[in-house]
1. Give the residues of the range 44-94 that are of a type in the set (Gly, Ala, Ser) and free of Cβ contacts under 8 Å to residues at least 60 places away in the same chain, sorted by residue number.
2. So in the range 75-113, with the set limited to residues that are part of a helix (DSSP H, G or I) and within 19 Å of residue 6 (Cα to Cα), which one is most open to solvent (accessible area, probe 1.4 Å)?
3. I'm trying to understand the selection: among the residues of the range 34-73, which are open to solvent by 40 Å² or more (accessible area, probe 1.4 Å), in a strand (DSSP E or B) and closer than 14 Å to residue 124 by Cβ?
4. Of all residues being at pLDDT 95 or above and in a loop (DSSP other than H, G, I, E, B) in the range 116-127, which is surrounded by the most Cβ atoms within 10 Å (Cβ to Cβ)? Just the residue, please.
5. Looking at (1) touching a helix residue (DSSP H, G or I) at 6+ places or on another chain (Cβ under 8 Å); (2) modelled with pLDDT of 95 or more, which is the one condition that is false for residue 16?
Amino acid sequence: QVQLVESGGGSVQSGGSLRLSCSASEFSVRSGCMAWFRQAPGKERGGVAIIGDNHYTDYIDSVKGRFTISGDITKNALYLQMNNLKPEDTAIYYCAASVDSGVCYSGSSFASDSYNYWGQGTQVTVSS
């Protein structure tokens, strides 16, 4: 059974850093498009960052320069390094995977419906 498990969430002050991890089982992080999403209280879930083949990455404007998405094939894991965190980054963060690598290059790469597998989420709280 495909399983994605996030870890690394926590509570930090503004300007702090966290590194989220997503361990994948029965699914290769090289086999498709992978992404990080987040959902803040009272708001819809939205994409944050994606990663495809040839180290292709993309981010929403609000996290560019602060967040870095990466993968480690030897550990079959996905990561999100978050630096200079802001209170508006507070949310539950989810990792997601699509079996279709083309998703990363489509106009729907930040749409939740494009992804087949999801983790359970990990809470990130940033205080001012």
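1. Narrowing the range 44-94 to residues of a type in the set (Gly, Ala, Ser): 46-47, 49, 52, 62, 65, 70-71, 77, 91.
Those that are of a type in the set (Gly, Ala, Ser) and free of Cβ contacts under 8 Å to residues at least 60 places away in the same chain: 49, 52, 62, 65, 70, 71, 77, 91.
2. 112
3. Within the range 34-73, 39 is the sole residue that qualifies.
4. 121
5. It fails just one condition, (1).
The values are calculated or read from the model by the stated rules, or taken from the named source; none is laboratory data. On a predicted model such as this, the values are computed, not experimentally measured, just so you know. Every residue, glycine as well, gets a Cβ built from its backbone with ideal geometry; the counts of neighbours run over all protein chains shown. Just so you know, the surface numbers come from the protein's heavy atoms only, side chains and all, with ligands and any DNA or RNA stripped out. Shrake-Rupley method; radii C 1.70, N 1.55, O 1.52, S 1.80 Å.
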